[in-house]
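Structure, as structure tokens:
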Amino acid sequence: MLKGKNIILGVTGGIAAYKAANLTRLFVKKGAQVKVIMTPLSKEFITPLTLATLSKNPILVDFYNPENGDWNSHVDLGLWADAMVIAPATANSMGKMAHAIADNLLITTYLSARCPVFLAPAMDLDMLQHPANKNNIDILKSFGNHIIEPESGELASGLIGKGRMAEPEEILAFLENYFSKNLDFKGKKIVLTAGPTYEVIDPVRFIGNHSSGKMGYALANELAERGAEVTLISGPVTIQANHPAIKIIPVTSAVQMYQAAVENFKNADAAIMVAAVSDYMPAEVSNKKIKKKDADLNIKLKPTPDIAAELGKIKKPHQKLIGFALETDQEELNAIEKLKRKNFDFIVLNSLNDEASGFKTDTNKVTILTSKGEKKPFDLKQKNEVAHDICNELLLLF
Ligand code: C5P
């Protein structure tokens, strides 16, 4: 999978830089062309000669090579690369990448690169957990950079905790997995709804629910990684989408979500309705905070628009519509009723009766029920694996 790929290996100044030798060797063994860019400090940890010998290419450190008068063009390097791997990635370099502090060849190349970027952080456990560093990692994720998580164990400081750079074999496996992904959704436009909706009661209160958005975001990510152009209409959540092919439309209420979904469905090949849309909203919104009184308070509610049902009505023959159902009783019966009423091609049933399944969890256990009457139960899995199964089912419909 890495055969013929051009890889830039960025090495920054941390003790784990010694592992860059083995990583270079593994990439070369797999048939990749490797050019190593080192930050000035990293030369204190591993010699350029070692990496030049293993990569079979001169090492790049400076913008200008005084020996032969060559200019190392970060723009050319950025365009040359099919992948950029920065291992180890120190807090310092990640901070510079997150904020475009372009004071060395590695950072300027990073800023010029159009290829996927993989970062293998390595640092002491407290540095890794510092909010400044965590924020920088979140920023890099929001650019679509892939973080290869550090491992737990004994650190160079002698402390024990999370911060060891992933082993070279693991970094290699991460890249091979990335490049082996089929772009089987290439050219497809998919709309998703995710998260809860908030229905305003007065300036400080709303009706909401416990949806975290995790399942919808996992699906958006899986689709984007498989080549789809994704529009994610999201209610208020605390998580982020980390792929450049995901366009987020943030909304708050069911009515806003409805408008965005109807508009964006027009040009879509499919829509997946994952949002936990409030079924009711206050009939009237008070423009002043409702005061506490001794008497009971009644708030009159009216139904929200059913987004899924509307898309089910307007959907054209080539368009596919997928729904979710979260049931507490008569699960299958209720899900099948919804599948028919909302004109879904299939519905993903997850039950609150299953432990570790549903809202806020990282795992989910689902059963897919199709409009052709099929029933496909799946095991309890991580939400990203569930997303993989759901996308495979959707692909069968195209
Ligand atoms: O009727 P119920 O809310 O259980 O239906 C669940 C499915 O319908 C989910 O796919 C959900 O996203 C969608 N839905 C919707 N608009 C609503 C209510 C539900 O799109 N107002």
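The values are calculated or read from the model by the stated rules, or taken from the named source; none is laboratory data. Computed from a prediction, not measured in an experiment: that's the story for all the values here. Heads up, the Cβs are rebuilt from the backbone with ideal geometry, glycines too, and the neighbour counts pull from every protein chain shown. These area figures cover heavy atoms from the full protein model, side chains too; ligands, DNA and RNA do not enter into them. Shrake-Rupley method; radii C 1.70, N 1.55, O 1.52, S 1.80 Å.
Extension gain for the segment Glu385 to Ala309, taken as residue separation times 0.36 nm less the Cα-Cα distance, is 24.6 nm to one decimal. Would you mind getting me the FRET efficiency between Lys3 and Lys289? Use the beta-carbon distance for r and R0 = 41 Å, nearest 0.05. With a Förster radius of 41 Å, E is 0.05.
By DSSP, the beta bridges lying fully in segment 85-205 are antiparallel in about 50 percent of cases. The residues of segment 258-398 have, on average, 59 Å² of accessible surface per residue, using a 1.4 Å probe with all protein chains present. With the whole protein complex present, Val255 retains an accessible surface near 50 Å², based on a 1.4 Å probe. DSSP beta bridges confined to the chain are antiparallel in about 35 percent of cases. Counted residue by residue at 0.36 nm each, then reduced by the alpha carbon distance between them, the extension gain from Lys340 to Lys181 reaches 53.9 nm. Within a straight-line Cα-Cα reach of under 24 Å, Lys300 can be paired with the following lysines, leaving aside sequence neighbours fewer than 8 residues apart in one chain: Lys288, Lys289, Lys291, Lys292. The residues of segment 6-179 present an accessible area of 45 Å² per residue when probed at 1.4 Å with all protein chains retained. Against the criterion of solvent-accessible heavy-atom surface with a 1.4 angstrom probe, His210, His243 sort, most first, into His210, His243.
If R0 is taken as 45 Å, the Cβ-Cβ distance between Ile299 and Lys134 corresponds to a FRET efficiency of 0.70. Placing unit charges on the Cβ atoms only, positive for Lys and Arg and negative for Asp and Glu, gives the chain a dipole magnitude near 940 debye about its Cα centre. Annotation: peptides 388-396, 317-325, ranked by per-residue average of other Cβ atoms within 10 Å with the highest first, follow the order 317-325, 388-396. For Lys188, the residues whose amide H sits under 5 Å from its own are Glu229, ignoring neighbours fewer than 5 places away on the same chain, with H placed 1.01 Å from N. In the chain, taking the dipole from charged Cβ atoms about the Cα centre, the farthest positive-side position among Gly195, Thr24, Ile314 is held by Ile314. Summarising the strand pairing of segment 296-396, around 60 percent of its internal DSSP beta bridges are antiparallel. Of the solvent-accessible surface of the chain, computed with a 1.4 Å probe and all protein chains present, 52% belongs to carbon and sulfur.
Between Gln256 and Val200, the simple spin-label model (points 7 angstrom out along Cα→Cβ) gives 0.9 nm.
Full extension of the chain between Thr50 and Gln330 gives 94.3 nm of extra length, using 0.36 nm per residue less the Cα-Cα distance.
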